[in-house]
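Just so it is clear, none of the values below were taken in a lab; they were calculated from the coordinates. Since this is a predicted model, take the numbers as computed values, not measurements. Neighbour counts run over all protein chains shown; Cβ positions are idealised from the backbone, glycine included.
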Amino acid sequence: MSLRIGTRRSRLALAQATEVAERLRGEGVETEIVGITTSGDRNLAVTGPAGLKGMFVAEIVRALRDGEVDLAVHSAKDLPAEDEDGLVLAAVPERASPLDVLVTRDGGLRPGAVVGTSSLRRQAQVSRWRSDVLLKDLRGNVDTRLAKLEAGEVDALVLAAAGLTRLGIVPEHAAPMSVTEMLPAPGQGCLALQARADDAATCQVLSALDHADSRRALTAERSIMLRLGGGCALPLGAFADVADGRLRMVAAVFSPDGAREARTAVDGSDPEEVAERAAADLLDRGAGEILAAVRP
């Protein structure tokens, strides 16, 4: 059996696809990686949650639907909360680190330092954590952002630990940020493997790569994003993990300036039930009003 893997063309996306290809090879499946340029890659200048939502997945989803590829590999945090018609999340491999990392040029973060990130979630939490630093909207792939750090355009970056690991990049000055300091984006660290719902053979093969606890966590995190009506670019953080069979999720919504926060922690056995309770608690704490202010 041979499968065509659809992915973005960025170095990180290709590394993720290669990781999946190697796992499939271990299952006796040959693969071909098919790089696809997305609208997000073509136009990084687009701003606003409505413009960003799904920009890195739309063309890949189309190629999958049209039969140009057999499966798609996404960074789970790029996926819209809604499932695509006719497609299934066939596998969620074991999650890499969900944490963010603070990368600095010289090992410190002085008052007045400039921190580069385009994420409203990260901007809000940096403002809450260090009100004495400045923020600069900074876009581009990991390599581009690191080059801008080295060139002195900013003094620090906030990057996903999983992305650095998958690229084999070990910055000289990097410090993992705790969930308390920087609550991750829903799905951060997870890969999402999509297939056509009617392609039973591919779904069966991919099931061997599925990691039950990682899937439960991702299901809860995507569910709370859906229940709050939040796209992948809104200032929503959510992290779920499984211990002793119980699922615990911490979730929060922030105003972009960090002045307001609604936060909750919920545990239970069923991902949907945990997400439902967490979303209800956040709305009781004012999350709806915060999110309404940043939606277009």
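Stretching A197 away from A243 to a fully extended chain increases their span by 13.5 nm, per 0.36 nm per residue minus the current alpha-carbon distance. Give the distance, in whole Å, between the Cα centre of segment 146-207 and the Cα centre of segment 1-27. Between the Cα centre of segment 146-207 and that of segment 1-27, the gap is 16 Å. Ordering C203, C190 from the fewest to the most neighbouring beta carbons within 10 Å gives C203, C190.
Label sites at D83 and D270, each approximated as a point 7 angstrom past Cα along Cα to Cβ, lie 1.6 nm apart. Overall, the anisotropy analysis places segment 129-189 in the oblate class: the square-rooted eigenvalues a ≥ b ≥ c of its C-alpha gyration tensor yield a/c not less than 1.5, with a/b not exceeding b/c.
Since only A262, G107, F56 are under comparison, the one whose Cα sits farthest along the positive direction of the charge dipole of the chain, derived from C-beta charges on Lys, Arg, Asp and Glu, is G107.
Within the set [x] 19.7, 63; [y] 26.9, 87; [z] 18.7, 57, the number that Rg and Dmax of the Cα atoms in Å takes when calculated for this structure is listed as [z]. Between G86, C190, V133, the Cα set farthest toward the positive side of the dipole of the chain (charges on each charged residue's Cβ, about the Cα centre) is that of V133. Rounded to the nearest 20, the size of the Cβ-charge dipole of segment 224-294 about its Cα centre is 180 debye, with Lys and Arg at +1 and Asp and Glu at -1.
Charges at C-beta only: +1 for Lys and Arg, -1 for Asp and Glu. How large is the resulting dipole of the chain about its Cα centre, in Debye rounded to 20? Present the calculation step by step, with values, prior to reporting the outcome.
On the way: 35 positive and 43 negative charges, 171 e Å.
Using Cβ point charges on Lys, Arg, Asp and Glu, the chain gives about 820 debye.
Our Cα-only numbers for segment 224-294 put the radius of gyration and Dmax at 11.9, 39 Å. The calculated FRET efficiency for H173 paired with A15, based on their beta-carbon distance and R0 = 22 Å, is about 0.45.
On a full-extension model of 0.36 nm per residue, what is the gain between A147 and D66, subtracting their alpha-carbon distance, rounded to one decimal in nm? Don't skip to the answer; put the middle values down first.
Values: separation 81, 0.36 × 81 = 29.16 nm, distance 3.74 nm.
Gain in length upon complete extension: 25.4 nm.
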